[in-house]
Amino acid sequence: MAEANFGELFSEISELLQKGKAKDIVTSVQKGLDAGASPGDILEKALMEGMNIVGGKFKRNEVFVPEVLIAARAMNKATETLKPHLAKAGINPVGKAIICTVKGDLHDIGKNLVRMMIEGKGIEAIDLGVDCDAQKIVDTVKETGAKVVCLSALLTTTMTSQKDVIDALKSAGIRDSVKVMVGGAPVTQGFADEIGADAYTADAASAAEVCRTFYS
């Protein structure tokens, strides 16, 4: 395939991702690799571009959670195909972010959406799941060197656990080495300011955009 034609292929891959065509996207990614397209270009100009479009539509309420989940599944399948080629080319994630739902809270749909959007920005997401206590987050920051911690809370009764995490990071002497992002239905900018968080966002797409700025 001529170099000039890769743009057409990248558009095709982006559209397949937006439609959530997981099987077809793997075929198209492999076609690009076989034709000599750069794995980094496929990631940035096709897959990440597609997720950016999905994120924009999600923010504007043009698509909803099911569509985003389907697109993210296609993204994951495509990335699996790309990973060995990215590694061989020496292309690494731009950074690592820890994400979890805080202690006492078992909700995970919002967290999962943010994780998928973050991964779509080229960031490695370390998902600690739900009902996550502060010490586990502190330990993971130390072990992984992650520069961002994303905390989700879907209940007014668990919002305070976001503050507990920030306090634990301070006690461990590593608060200054990470950016703490908070979100969830009851969380507000005012609450984020009150507990000393670095960022608050109202939706998954915005969270991923802000998270990416911390690696610029």
Whole-number accessible area per residue in Å² for the chain, which is evaluated in the context of all protein chains at 1.4 Å: 48
- request: Taking 7 Å along the Cα-to-C-beta vector as the label spot, tell me the Lys142-Ala87 distance in nanometres, rounded to one decimal.
  value: 2.8
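Ranking request for peptides 169-175, 75-81, 88-94: highest mean number of other beta-carbon atoms within 10 Å first, then the rest in descending order.
Per-residue mean Cβ counts within 10 Å order the peptides as 75-81, 169-175, 88-94.
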message: Given contacts defined as C-alpha pairs under 8 Å and at least six residues apart, what's the relative contact order of the stretch 62-216, whole-number percent?
response: 23
task: With a 1.4 Å probe and all protein chains in place, put Ser161, Ser11 in order of accessible area, largest first.
output: Ser11, Ser161
statement: With the chain reduced to its Cα atoms and the Debye formula applied, log10 I(q)/I(0) at q = 0.10 1/Å amounts to -0.45
field: Heavy-atom accessible surface of the stretch 1-160: percent carbon and sulfur, 1.4 Å
entry: 52
message: Please list, in order, the residues from the stretch 194-208 whose amide nitrogen is less than 16 Å from a point placed 7 Å along the Cα→Cβ vector of Ile109.
response: 203-205
query: What accessible surface, in Å², does a 1.4 Å probe find on Asp34, ignoring ligands, DNA and RNA and rounding to the nearest 10?
result: 120
- prompt: Using alpha carbons only, how many degrees (0 to 90, rounded to 10) separate the axis of helix 22-34 from the longest principal axis of the chain?
  reply: 60
message: Every cysteine in the chain with no other Cys Cβ under 4.7 Å from its Cβ, please list them in numeric order.
response: Cys150, Cys211
- prompt: So what's the back-of-envelope 222 nm ellipticity for the chain, counting only DSSP H runs of four-plus at -39500 (n - 2.57) apiece and dividing by all residues, rounded to 500?
  reply: -16500 deg cm²/dmol
field: Convex hull volume of the stretch 122-166 per residue (C-alpha atoms, cubic angstrom)
entry: 80
field: Restraint check, Lys19/Lys57; Lys147/Lys179; Lys111/Lys142; Lys142/Lys179; Lys96/Lys121; Lys45/Lys179, Cα-Cα greater than 18 Å
entry: Lys111/Lys142; Lys45/Lys179
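Taking the highest mean first, how do the peptides 178-184, 60-66 order by number of other beta carbon atoms within 10 angstrom per residue?
On the way: 178-184: 23.4, 60-66: 11.0.
Packing order, densest peptide first, comes out as 178-184, 60-66.
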field: Simple spin-label estimate for Glu124 and Tyr215 in nanometres, 7 Å along Cα-Cβ
entry: 1.0
query: So what is the relative contact order of the stretch 25-146, in percent, for Cα pairs below 8 Å that sit 6 or more residues apart?
result: 26
- prompt: Contour minus end-to-end for Gln30 and Glu62, with contour as 0.36 nm per residue of separation and end-to-end as the Cα-Cα distance?
  reply: 8.5 nm
- request: Would you calculate the separation in nanometres between label points at Lys170 and Val94, each defined as 7 Å from the Cα along the Cα-to-beta-carbon direction?
  value: 3.0
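Suppose the chain between Ile53 and Ala202 were pulled fully straight at 0.36 nm per residue; how much longer would it get relative to their current alpha carbon spacing?
51.8 nm
The values are calculated or read from the model by the stated rules, or taken from the named source; none is laboratory data. All of these numbers come straight from a predicted model, not from anything done at the bench. Cβ sites come from the backbone with ideal geometry, for glycine too, and all protein chains shown count toward neighbours. Protein only, heavy atoms only, side chains kept; ligands, DNA and RNA dropped before computing areas. Shrake-Rupley method; radii C 1.70, N 1.55, O 1.52, S 1.80 Å.
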